[in-house]
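Working notes for the structure below.
The values are calculated or read from the model by the stated rules, or taken from the named source; none is laboratory data. Note that this is a predicted model, so its numbers are computed, not measured. In this analysis, Cβ positions are derived from the backbone assuming ideal geometry, glycine residues included, and neighbour counts consider all displayed protein chains. Side chains are part of the model used for accessible areas, which takes the heavy atoms of the whole protein and leaves out ligands, DNA and RNA. Shrake-Rupley method; radii C 1.70, N 1.55, O 1.52, S 1.80 Å.
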Amino acid sequence: LEIAGQYLELVDSIGRRLKTNDWAKTTKARREEISEYKKLNEAFIAAEKTLKSNAQDAAANEASGRYLVAVKQDWNVGLQRLALSSNAALKRAAEQDNSLIDSPAAALSKDQAVAIADLWWDAANQQTGPAMKAAMLLRAGQWYSTAIDELTGLPKTKAEKRIAESGWDNDPELKKLMPLNRREHSITLLIAKGRGMLENDFAIVQTLTIAEAKQLDEDLKIKKLRSIRFRPYPTPDGIKVAAIWRRSSVKGDLFDGTTEEVIKRDQELRLLGYIPNDIAGYIDADGNARHVLLSRVGKLNEGETINLSVHWRVANDNPFNQPKPSAMWTRQQYLGKDGTRYNDIMWRHLKKTYYYFHGDQKFYEKVLAENADTQKLVDVCVCAADKKPGYSAALQGLSGYTVTEIHGLSLEQNLVEWRKVMQKGALPAAIGVAITSDGKTHSASVWHTPDKK
């Protein structure tokens, strides 16, 4: 705000030299806005201190809510604060708005949208501060815009006029900040933050915190997307997660716990008709091993087995003692706090040939090329070891789909390539991300395109 004020004074001095009345009017309006922003910011800081000890304080909630919607355009939290305000007009509009955006999107009618738009429009015209008034008019314009296609006659004319006056159509970026459905809004924000993609049949992210990834997992249930890969990895900023969700009508379960807790959870879930879908370990901030277990409701085929190796130390003399008869289906490799390498593996007997390996990038590329005609890549992980990433993968002698593997790109470049393969009908099957000690990010992903019948 201080820098904005300095630039405004510079602009004002240029306007005076040019002797333009319009310029002078604009700078005067901007000066009033900056002054209001400062007051809102000061009130917000004081309000947040009050809310820590009394979350229901009406004055503090109003001050906080005004700042969030007028300065930050954060209507998601701002509405919750304004709903606890003592200002009758603000409270009524915020309460009804909150009720609407917490409901399923399909339940919204044009009459509800127009009614809440009218409330915000009337409340806006009671405001003395230009920033708060402008923010509330934008919210009204947003609600009118959702109903405009279903309106006719005078109601449509009124809505069109108010949308234009509100300025809603002037800034498309606002649509990312002002939710019409709180759950959908949460999903949108988390997908963007995780540098991911959300499509009708899948979702994928590359870098969310554990808490954010779990929240997204819960949110995506409304879209019938179930997690199939949930891969934690260490970063300088704490544990992050790369994850994949696929459309499924089958109920799933995500459990995060210690080695002992995960083994116990798996035993309990199997008695309830669940089978494991993925297992991935990581070391938490206290140096303890934790694991994320993904399970789903399902039955094993006759003679089929699924076994888990949890927090399994890799020994040079005998690195793989898999349960018989079974083959590696998923594998996550990670380093303990002392640098010891550990595996979390899901073994599944499919009566097919299989192949698994661990090595550097060149070896990874060599093995994929050598087995491209006979083996299908079903899982991959990347493990950071000093400045060199290690790649682990599992392959199966399966059929029915084509494999596309992507690695060696930045997280932003991944998104570009993912869109290309997605447009060809591919679905994500596996993902791994790691950050080496030199600060470089390494990733690999596997995409399956079903063969056309």
In the stretch 112-142, residues that are within 32 Å of the chain's Cα centre (by Cα) and either touching a residue at least 40 places away in the same chain (Cβ under 8 Å) or surrounded by fewer than 21 Cβ atoms within 10 Å (Cβ to Cβ) (or both) total 12
Here the residues within the stretch 268-319 that are out of contact with any Lys or Arg (no Cβ under 6 Å at 6 or more places or on another chain), part of a strand (DSSP E or B) and either β-branched (Val, Ile, Thr) or more than 30 Å from SER249 (Cα to Cα) (or both) are ILE275, ILE279, ALA289, VAL292, VAL310, HIS311, TRP312, ARG313
Counting only residues in the stretch 42-55 that are open to solvent by 50 Å² or more (accessible area, probe 1.4 Å) and under 22 Å from GLN127 (Cα atoms), the one nearest to the chain's Cα centre (by Cα) is identified as ILE45
Filtering the stretch 208-230 down to residues that are under 8 Å from the mean Cα position of the chain (by Cα) and open to solvent by less than 10 Å² (accessible area, probe 1.4 Å) yields LEU208, ALA213, LEU216
Subject >> Hey, ILE116 part of a helix (DSSP H, G or I), at pLDDT 90 or above and within 29 Å of LEU10 (Cβ to Cβ) or not >> reply: no
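Per-residue answers, yes or no, for (1) of a type in the set (A, V, I, L, M, F, W, C); (2) surrounded by fewer than 21 Cβ atoms within 10 Å (Cβ to Cβ); (3) within 24 Å of the chain's Cα centre (by Cα); (4) at pLDDT 95 or above:
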{"position": "GLU150", "(1), (2), (3), (4)": "no, yes, no, no"}
{"position": "ASN181", "(1), (2), (3), (4)": "no, yes, yes, no"}
{"position": "THR188", "(1), (2), (3), (4)": "no, yes, yes, no"}
{"position": "GLN206", "(1), (2), (3), (4)": "no, no, yes, yes"}
Filter the stretch 359-415 for residues that are of a type in the set (Asp, Glu) and surrounded by fewer than 22 Cβ atoms within 10 Å (Cβ to Cβ); the one that is nearest to GLY281 (Cα to Cα) is ASP386
Scanning the stretch 145-173 residue by residue, those polar (S, T, N, Q), out of contact with any helix residue (DSSP H, G or I) (no Cβ under 9 Å at 6 or more places or on another chain) and assigned to a helix (DSSP H, G or I) turn out to be THR157, ASN170
Filtering the stretch 157-176 down to residues that are buried (at least 16 other Cβ atoms within 10 Å of the Cβ) and either touching an Asp or Glu at 6+ places or on another chain (Cβ under 8 Å) or among the charged types (D, E, K, R) (or both) yields LYS158, ARG162, ILE163
| request: Tell me, please, whether a residue that is modelled with pLDDT of 95 or more and of a type in the set (Lys, Arg) can be found in the stretch 69-77. | output: no
